[in-house]
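One structure below.
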Amino acid sequence: MVNRLTLVRSTVAMHHWGRSAVVMFAAMAALIAPIAEATAKQARRAQPAETTAPREAGEPIMAIVSIKSQQVTFYDTEGWILRAPVSTGIKERETPAGVFAIVEKDKDHHSSMYDDAWMPNMLRITWNGLALHGGPLPGHAASHGCVRMPYGFAEKLFDKTRIGMRVIISPDDAAPVNFSHPTLSLFMPKAEIVADAPATAERLAREAAETAKAADEAKKTAATAARELAPLAASLRKLERFKVRADAAVVSADKALAAAKTDQARTKAEDRKQKAVAKAAELATQLDTAKADAKSKLDTANAAKEAAKAAQTKKGGIAKAALDAKLALEPVSIYISRATQTLYVRRNTHEPAPDGGGEVFDATIEVPVTIRDPGTPLGTHVFTAVARNDAGLRWTAVTIETGDDAKNALDRITIPKEVLDRIAPAALPRSSIVVSDEPLSKETNYRTEFVAVLSDQPQGGFITRKPSEVLVADDSGWSNDSPQGDDGFGFFFQRSPNPHPSNTRRGGGQFFPPMQGGWW
């Protein structure tokens with residue numbers, strides 16, 4: 001009985017406690033709900049938003065993607081102009097942090113890697129499949145390595161961008177800051193050179209076309225002269241054989257005459273000898289005439305061959321001068337690698353790639369560079385000439401990997417004088433200097449500006465993609481099992497006998513394909 005009473009009391013107490021707990025939890029929920037809602041609103045406010053600068057925008061010269069903030073910001077010469085949220089690569093498919101540039105644009109691109117997936121308004125940054133493009137944005141990293149942008153934002157940007165525009169992918173937030181340095185002040189455009197550059201490029205382009213035509217004509221003339229020599233040589237050999245036979249006939253007639261015993265035999269032998277001597281004399285005359293003719297034609301052929309050689313040499317010289325003048329109209333990009341102790345220069349030729357897709361970038365300057373304390377990291381810094389000013393050019397700096405600060409990094413580098421003499425007088429806005437501990441990625445080739453990936457950051461979306469195939473040209477033309485013939489690009493990309501060392505930093509293994517040219 002006592003137990004039953006105790007049980008009843010206990011049950012009543014539990015029911016009472018349960019009602020109190022419900023009331024208590026309800027009260028707590030009422031208190032927590034506003035806090036949770038405020039936190040959610042704060043999180044929503046913290047999400048990147050698509051925004052436009054409150055000023056008239058110029059042409060974009062740079063895009064910076066922040067993997068940390070899942071945001072892309074486009075900049076013109078005066079600062080940021082457009083911002084939008086993005087989705088970068090998921091775990092094990094991470095978008096690589098590094099330095100890139102637009103290498104191709106496709107308004108209505110469909111993926112060849114992911115079931116024909118639609119990637120509208122694609123701005124390709126590597127040939128192995130990384131790009132910025134329109135796509136769905138769930139509010140977090142969600143791609144296979146590309147940078148997805150809002151559909152409307154990507155469409156609005158597509159026509160504003162150009163091939164070669166710098167794209168920086170940073171692991172953290174980064175932005176350009178105004179920057180000056182004695183090294184940058186060496187890039188002093190000379191007004192007369194800049195002013196004369198278009199006319200010089202046009203004149204040399206005409207001269208290049210004329211010398212190319214003259215070289216082709218000289219080559220044809222030499223080939224014609226060589227063809228004419230071939231049958232003449234055969235005719236000479238035939239006449240020489242007949243002459244040998246005729247001389248033998250004269251000797252035989254002499255012997256017959258000496259052996260004649262009767263007047264009749266002697267008369268017959270003399271007649272035979274006269275005919276043999278006459279025939280030998282006729283053939284001797286023909287052979288002398290043919291030899292003289294052959295010598296004249298051989299001299300002509302040799303002269304034509306030498307003229308063709310000289311014309312070809314002149315064609316190469318004028319073509320290089322014309323290319324130099326054309327490149328003087330283009331912004332110059334410099335990459336300085338601590339890993340390879342090398343300075344590379346690139347400029348867009350705007351010539352279509354011979355195998356289709358993208359444009360050809362000139363890569364004919366590649367020289368050793370002096371870096372003080374080469375065992376100490378430089379970091380990765382991008383210096384961009386954004387506009388002209390009284391001092392020459394106004395520069396900004398973006399740092400995406402810590403090492404030395406931007407000023408100290410430039411302090412430690414000595415750019416070779418021959419490079420400065422070549423490019424500094426005609427340096428233009430949009431020119432850039434990239435300083436990095438990294439070597440150039442294997443994705444850097446004749447159809448790209450510079451591609452450099454930070455080796456201490458996740459690269460899943462880069463590593464899992466098949467490396468792009470690269471045509472390499474020598475003096476004979478292009479080769480990758482499908483010859484392209486002499487298309488005029490041979491002197492851009494001559495093979496280098498010294499391949500660049502691979503990256504020794506963590507996550508390395510990148511290298512720069514050997515495409516050394518011949519300016520120096």
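Protein heavy-atom surface of segment 158-281, 1.4 angstrom probe: 57% of the accessible area is carbon and sulfur, with nucleic acids and ligands not counted. Look at where the Cα atoms of segment 181-220 and of segment 77-106 average out, and the two centres are 35 Å apart.
Scanning residues 5 or more positions from A339 or on other chains, those with amide H under 5 Å from its amide H are E438, with H placed 1.01 Å from N in the peptide plane. Taking the average, over residues, of other Cβ atoms within 10 Å as the packing measure, peptides 143-151, 219-227 rank 143-151, 219-227 from highest down. For the set M188, M165, the ranking by accessible area, highest first and with no ligand, DNA or RNA atoms included, is M188, M165 under a 1.4 Å probe.
Sorting the segments 399-412, 449-462 by their residues' average number of neighbouring beta-carbon atoms within 10 angstrom, most packed first, yields 449-462, 399-412.
What is the local net charge at H381, summed over the other residues whose Cβ is closer than 11 Å to its Cβ (Lys, Arg +1; Asp, Glu -1)?
Combined, the nearby Lys, Arg, Asp and Glu give -3.
If you sort R237, R430 by accessible surface, 1.4 Å probe, largest first, the order is R237, R430. Among the protein heavy atoms, those of V244 account for about 100 Å² of accessible surface (1.4 Å probe, every chain in place). Sequence-distant contacts, meaning Cα pairs under 8 Å at least 6 residues apart, place the relative contact order of segment 309-468 at 27 percent. Karplus-derived 3J(HN,Hα) values for segment 194-199, using 6.51 cos²θ - 1.76 cosθ + 1.60 with θ = phi - 60°, are 5, 5, 7, 4, x, 5 Hz; glycine and proline are entered as x. Annotation: amide H-H contacts under 5 Å for H110 (H modelled 1.01 Å from N, sequence separation of 5 or more, or interchain): M119. The accessible surface of segment 353-426, taken with every protein chain in place and a 1.4 Å probe, is 50 percent carbon and sulfur.
Note that segment 403-419 has calculated 3J(HN,Hα) couplings of x, 6, 6, 4, 5, 5, 4, 5, 4, 7, 10, 10, 6, x, 4, 5, 6 Hz, one per residue in order, obtained from phi through the Karplus relation 6.51 cos²θ - 1.76 cosθ + 1.60 (θ = phi - 60°); glycine and proline are x. In order along segment 363-371, phi translates into HN-Hα couplings of 9, 8, 10, 7, 9, x, 10, 8, 10 Hz, rounded to whole numbers, per the Karplus curve 6.51 cos²θ - 1.76 cosθ + 1.60 with θ = phi - 60° and x for Gly and Pro. Near the amide H of T95, within less than 5 Å, lie the amide hydrogens of G89, G461, all on another chain or at least 5 residues away, with H placed in the peptide plane. Accessible-area rank, largest first, for W127, W80: W80, W127, with all protein chains present and a 1.4 angstrom probe.
The values are calculated or read from the model by the stated rules, or taken from the named source; none is laboratory data. Remember, predicted model here, so these are calculated numbers, not experimental data. Every residue, glycine as well, gets a Cβ built from its backbone with ideal geometry; the counts of neighbours run over all protein chains shown. Keep in mind that these areas ignore ligands, DNA and RNA; they rest on the heavy atoms of the full protein, side chains included. Shrake-Rupley method; radii C 1.70, N 1.55, O 1.52, S 1.80 Å.
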